[in-house]
Structure formats: structure tokens, C-alpha cells
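Below is one structure, written out as C-alpha cells, with a few remarks after it.
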Amino acid sequence: MLDLQRLRALHAVSVHGTVGAAAVALGYTSSAVSQQIAKLERETRTVLLEREGRGVRLTDEAHQLVRTARELLAIVERAETELEERRGVPAGRLTIAAFASAARGLMPPVLADLARRHPALDTRLTEIDPHLSVDLVAKGAVDLVVAHDWDIAPLPAPAGVEQAVIGNDLCDLLVPEDHPFAGRTAVRREELGGERWICQPPGRVCHEWLVRTLRAAGHEPEIVHQADENPTLVALVAAGLGIALIPRLGRGPLPAGVVEVPLDPMPVRRLYALWRTGAARRPAIAETVRTLCGHWPEVSAHSPR
């Protein structure tokens, strides 16, 4: 008989791409995930993973098992949802994926509130980029996602995934204190040509927004420095190495040497909660979404301006 936990481990490797990433998502060690899959190979008498460079590749037999695992995990999810719904209280494990600034600026008070009011609910947070997290919730790798999009780069929700708006996060232009924009009350997007930009790497939502916005205004952006984390971007601005567009959520106080200047019109990114349609009746999902929306006004009100 196939063991569900071992199938879950194989499914996680398929979704996340590596044993290490699957282990992080499941809350296990890499060796524990490898052991689960090794046991599954012995039980099925089948090679499931083959080494490929520094990573692994799923065999054809593994892909077949992953399809079966996806079906079984969906059945288990429906059963757990029905039981939780009958009890009427949020309970069990709830895996959440959130982008970096939401994980830093929004999730701590939300998770603490849920833990205080619902001790039977076991929330698990993972920090993941929005482009990746939406696919993960659709595939059943996580239960709930906190993601965002921008006004000119909407975030598509795949079939079978529902969403609710949490709120709007405003973004400001950050410049060195000796920059010509530093004394301005506002800067229009048409004035941004010829600047040296500090931005997140390609493939990130913020990067795509910046490139599209500047090109729409007739400018080809010159991105001179790239970093994943907003605090790093702010530090580079403080060093006088360029300017950056940084959302307020999770940004923290600005260091000396950095000036915040509003753009006109001001860029806005919208925050969403996303979950699978099949889990919509689960009290844990409904309560977590309500808590996210309930905390947003206070979080956004205390974001730096």
C-alpha cells in the first residue's frame, strides 16, 4: 500500500523542483524528504529520482505517481475541509506563502492574532515570490497565498483559485538627499528618463512594473544595481548609487541620506489572498482571510510615509 506522506514528499519535489525546496515547504529536513522518497522507491520497486547536475529529475514513473498523489491529496483536503466545517472552528495545519515585504510587514501580527484566538490552528509561513506562489496554491503545495500585483501588471488567478483583495500598498520614489528630485513635492513619470535605477532582478513583479512604466513614458530604464531585498535597495540609494521605487509595506524607517518623493500619479500595488476553490468552505481559510483584511488598515496606517 502506498504511503500518503511519501507521495506528498514526491509531489512536493515535483512542485518545488528540488529536494531542498520541497523540504522547506513541508517543514522537514532535506534528508527526511530523501528518505521518504527512497522508501517509496523500495515500495514501488521503481526509480523515481535521477541526478541531473546538482539537482534531480523525476522519471516518467515518478510523474505518473505525482498525478496520482495530486488526486489523493485533493481527496484528503476535501475530507479535512468537511470535518473542519462540521466542527465550525479553524483547526489543523494551514500553510501560507507570502512575498517578502508582506512576510515582514503584515504576517507577524496576523499570525500572532490567529495563534491567540485559535490555538487549534497550526499556521506555517513560507516566503515566496508572487509569480511562484500563485502556481503553488493552484497545485495544492500551499493552502493560502498572499500575493500582489501592480496597476499595469495584473496578477492572473488560474482556474480553480479564488481571491480576495486585502488592500492597496502605496509606493514612493526614493532618492539620495543631494538628488535634484529631493526637494520636490512630486515627480511625474515623464521626468524619470536618464536616471540610474536600483531595482529587483528580472522576473520580479517590481522589476517588470518599472520597465513597463518607464517604456510607456518613452524612456528605456538604465538599471545599474539589482537586489532581492528592499533594505538592500534602500542602502544602495543611501550610498548615492541611484534611485529606486519602493513600496511602503515592510519598508521600515529610511536611513540618513535618503529622501522620499511622491510620484504623480502614485504607483499602487494591490495585495490579494488566494486559495483553492475546493478549500473555500474551510473555516481556517475564511478566518485567515478575514484576519488579513482586518489587520490591513492598521498595518498600512503605520507604514512609513
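The values are calculated or read from the model by the stated rules, or taken from the named source; none is laboratory data. Because the structure is a prediction, the values reported are computed rather than measured. Here the Cβ is made from the backbone with ideal geometry for all residues, glycine too, and neighbour counts use every protein chain on show. Areas reflect the complete protein model, heavy atoms only, side chains present, ligands, DNA and RNA absent. Shrake-Rupley method; radii C 1.70, N 1.55, O 1.52, S 1.80 Å.
Structure remark: mean-square fluctuation, Gaussian network model of the chain, C-alpha springs under 10 Å; the largest value among SER101, SER14, SER31 belongs to SER31. Element breakdown for the chain at a 1.4 angstrom probe: carbon and sulfur atoms account for 52% of the accessible area.
Mind giving me the FRET efficiency for CYS293 and ALA186? R0 is 30 Å, r the Cβ-Cβ distance, nearest 0.05 is fine.
E(calc), rounded to 0.05, equals 0.50.
For segment 125-153, backbone nitrogen atoms closer than 20 Å to the point 7 Å from GLN226 Cα along Cα-to-C-beta are found at 128-133, 150, 153. How much accessible area per residue does segment 191-288 have, in Å², with a 1.4 Å probe? Here the residues of segment 191-288 average 39 Å² of exposed surface. Here the spin labels are modelled as points 7 Å beyond Cα on the Cα-Cβ line, and at ARG270 and ALA301 they lie 2.4 nm apart. Each 5 Å bin from zero holds the following percent of Cα-Cα pairs in segment 200-247: 5, 21, 31, 26, 13, 3. For the chain, a Gaussian network of Cα nodes joined below 10 Å ranks ASP172, ASP135, ASP228 by mean-square fluctuation, and the top entry is ASP228. As a length-normalised measure over Cα pairs under 8 Å and 6 or more apart, the relative contact order of segment 1-100 settles at 23 percent.
On the basis of the beta-carbon distance and an R0 of 25 Å, SER30 and LEU2 show a calculated FRET efficiency of 0.70. Helix 4-16 axis versus longest C-alpha principal axis of the chain: approximately 30°, rounded to the nearest ten. So how exposed is TRP275, as accessible area in Å² (1.4 Å probe, rounded to 10)? Probe radius 1.4 Å; accessible area of TRP275 about 30 Å². Note on ARG270: accessible area approximately 100 square angstrom, rounded to 10, probe 1.4 Å, nucleic acids and ligands left out.
Averaged over its residues, segment 12-114 has an accessible area of 54 Å² per residue, based on protein heavy atoms and a 1.4 Å probe. Among HIS63, HIS225, HIS179, the sequence by solvent-accessible area, most first, with a 1.4 Å probe is HIS63, HIS225, HIS179. In segment 161-251, Cα pairs under 8 Å separated by at least six residues give a relative contact order of 42 percent. Label zone of ARG87 (point 7 Å out along Cα→Cβ, amide N under 11 Å): in segment 262-305 this covers 283-284. Here the mean projected area of the convex hull built on the C-alpha positions of segment 1-133 is 9.5 nm².
Length available on full extension from ARG215 to LEU72: 0.36 nm per residue minus the Cα-Cα distance, which gives 46.8 nm.
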